[in-house]
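The values are calculated or read from the model by the stated rules, or taken from the named source; none is laboratory data. On a predicted model such as this, the values are computed, not experimentally measured, just so you know. Quick reminder, even Gly has a Cβ in these numbers, built from the backbone with ideal geometry, and neighbours come from all protein chains shown. Areas reflect the complete protein model, heavy atoms only, side chains present, ligands, DNA and RNA absent. Shrake-Rupley method; radii C 1.70, N 1.55, O 1.52, S 1.80 Å.
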Amino acid sequence: MSKKPPSIVTLMDADAVRRAITRIAHEILEHNKGTKDLALVGIRSRGVYIADRIAATIQSIEKADVLRGIVDITLYRDDFSRAEQTPHVRGTEIPFSIEGKKIVVVDDVLYTGRTIRAAMEAIMDFGRPGNIQLAVMVDRGHRELPIRADYVGKNVPTSRQQSVKVQLTEMDGVDDVTLEG
């Protein structure tokens, strides 16, 4: 019996990705009443590029720069001890005090919530923010932890057997979101 190849469905094209980033930027500004004490922290790798795009959109709307940082969750993963190979740590870069700041963690896909838990733990090692919010391009469900996104580009019901892939020009040469399986 031959195995059927997985189907790939495009969920968001480049225009939909751009519109989602614009909407998320507006929602962040509205919720936080502007940019005062606001900082975006992207989770390596694609979360960094999404955070940069959100920051650029906010800058074009408000004519104000937003603090930006990068978090590497490698050493905070709860499956770290089960890894078969030595992890590649690229480092966390948060070049500002997070004390009292409104931190928006940015990632590409929200799935089980474990990546976000690890990111929050890494950020808390830098101090105590006023609050932590979450922005994601795609929320695919199947949470294992009580974590939800404050800002979502697209909610996509999936099965655990499917995979969601966010591609960004900075890494992949194209902007889109696909569902495989």
### Test for Asp125: is it under 30 Å from Asp37 (Cβ atoms) and within 13 Å of the chain's Cα centre (by Cα)
no
### Query
Residues of region 16-41 being within 11 Å of Ile103 (Cβ to Cβ) and among the small types (Gly, Ala, Ser), which ones?
Ala39
## Note on the structure
Matching residues in region 140-168 (closer than 17 Å to Ile28 by Cα and either of a type in the set (Asp, Glu) or open to solvent by 40 Å² or more (accessible area, probe 1.4 Å) (or both)) number 3
### Message
Just the residues that are under 18 Å from the mean Cα position of the chain (by Cα) and closer than 17 Å to Asp172 by Cα, please, taken from region 14-36.
### Response
Ala14, Ala16, Val17, Arg18
## Note on the structure
Of the residues in region 37-46 that are crowded, with 20+ Cβ neighbours inside 10 Å and under 18 Å from His26 (Cα atoms), the one that is nearest to the chain's Cα centre (by Cα) is Gly42
#### Entry: Close pairs from region 127-140: first closer than 20 Å to Pro95 by Cα and among the basic types (Lys, Arg), partner open to solvent by 20 Å² or more (accessible area, probe 1.4 Å) and not in a strand (DSSP E or B), Cβ under 7 Å, at least 6 apart
Arg128/Glu99
### Task
Report, by residue number, each residue of region 73-101 that is in contact with a Lys or Arg (Cβ under 7 Å, 6 or more places away or on another chain) and modelled with pLDDT of 90 or more.
Glu99
### Message
I need every pair where a residue in region 6-21 that is of a type in the set (Val, Ile, Thr) has its Cβ under 8 Å from the Cβ of a residue that is in a helix (DSSP H, G or I), sequence separation at least 6 or different chains.
### Response
Ile21/Ile50; Ile21/Arg53; Ile21/Ile54; Ile21/Thr57
### Query
Failed condition for Asp176, given (1) touching a helix residue (DSSP H, G or I) at 6+ places or on another chain (Cβ under 9 Å); (2) within 22 Å of Leu38 (Cβ to Cβ); (3) acidic (Asp, Glu), with all others met?
(2)
